[in-house]
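Encoded as structure tokens, the structure appears first; notes follow it.
The values are calculated or read from the model by the stated rules, or taken from the named source; none is laboratory data. Since this is a predicted model, take the numbers as computed values, not measurements. A quick note on method: Cβ atoms are made from the backbone with ideal geometry, for glycine too, and the neighbour counts reach across all protein chains shown. Accessible surface areas use protein heavy atoms only, side chains included; no ligands, DNA or RNA. Shrake-Rupley method; radii C 1.70, N 1.55, O 1.52, S 1.80 Å.
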Amino acid sequence: MSKVLIVEDDAAIAALERDYLHTEGLEAEVAVDGPSGLDRGLNGGFDLVLLDVMLPGIDGFEVCRRLRAASDVPIIMVTARREDIDKIRGLGLGADDYVEKPFSPSVLVARIKSHLSRYERLTGTAAGRSVVTLGDVELNTATRRVRAHGQEVELKNREFELLEFLMLHPDVVFSRDQLYERVWGMDALGDNATVAVHINRLREKIETDPSAPRHLLTVWGAGYRFLP
């Protein structure tokens, strides 16, 4: 059974989230502030963290930053604020997704299940799959290692999956919506701004000059492509 950590200081919201997850056969534990959420997230062996932005003690952004430095488990941030800058900040710190309050519990559960399924698949064995080499970028789908310009680079799970998808479809242009649907697997359930954030993070890791990329190209008005 998958374990979900709910970090939420509003008792009513936390209880609603926990009850819906239990109904869907998922184990859920609640932490009511930033310090306890961080401690449980680091030591509790959870498969996903549902993390509120506004928390007492340590805010959700800092909790996300510290969790991501130690773990690749999916992090879904929950916020009542609608500003894009907050979403970009959270995604830049390593969050995998964003949910705005008020939310539909059934949609929230669907997104949690999607992230859990994808995480389980990504961390499972992949014996027999090949190495993909395009230009000076080498991606090993079995070991989940990437080398660029002869140097190994460290990628988070979602970064790896996005790069893998683009490298398996070289020179094909995909819109942000298409990439969000194919990689995140939640068509119309989230914010595709996360695609641009992850593309920028990938460029910083695999491109010699991220401001003038050779491989991860923007096709203005259309989307992105990987050029070998």
Potential extension, Glu27-Val132 segment - 0.36 nm per residue separation minus Cα distance
34.1 nm
Counting other C-beta atoms within 10 Å, and keeping those with at most 16, which DSSP coil GluC sites (Glu not before Pro) do you find in region 1-67?
Glu24
Given that just one value was derived from the coordinates, which of [x] 123; [y] 136; [z] 167 is volume of the Cα convex hull per residue in Å³?
[x]
Taking the mean number of other Cβ atoms within 10 Å as a proxy for protection, how do you rank 98-105, 201-208, 71-78 from highest to lowest?
71-78, 201-208, 98-105
In the neighbourhood of Pro210 defined by beta carbon distances under 12 Å, the net charge of the other residues (Lys, Arg +1; Asp, Glu -1) is +1
Return the distance in nm (one decimal) between the two label points of a simple spin-label model at Arg81 and Arg147, each offset 7 Å from Cα along Cα→Cβ.
4.3 nm
In nm, spacing of pseudo-spin labels at Arg214 and Val173 (7 Å Cα→C-beta vector)
2.3 nm
Computed from the beta carbon distance with a Förster radius of 35 Å, FRET efficiency for Glu204 and Val107 to the nearest 0.05 stands at 0.65
Would you mind classifying region 1-72 by shape? Square roots of the alpha carbon gyration tensor eigenvalues, ordered a ≥ b ≥ c; an a/c under 1.5 is rounded, otherwise it is prolate if a/b is larger than b/c and oblate if not.
oblate
Can you give the helix-only mean residue ellipticity at 222 nm for the chain, where every DSSP H stretch with n ≥ 4 adds -39500 (n - 2.57) and the sum goes over all residues, rounded to the nearest 500 deg cm²/dmol?
-12500 deg cm²/dmol
Heads up, I need the accessible area for Thr133: 1.4 angstrom probe, whole protein in place, Å², nearest 10.
80 Å²
Checking region 63-100 for trypsin sites (Lys or Arg not before Pro) in a loop per DSSP with at most 15 other beta-carbon atoms within 10 Å yields Arg81, Arg82
Percent accessible area from carbon and sulfur atoms, the chain, protein chains only, probe 1.4 Å:
50 percent
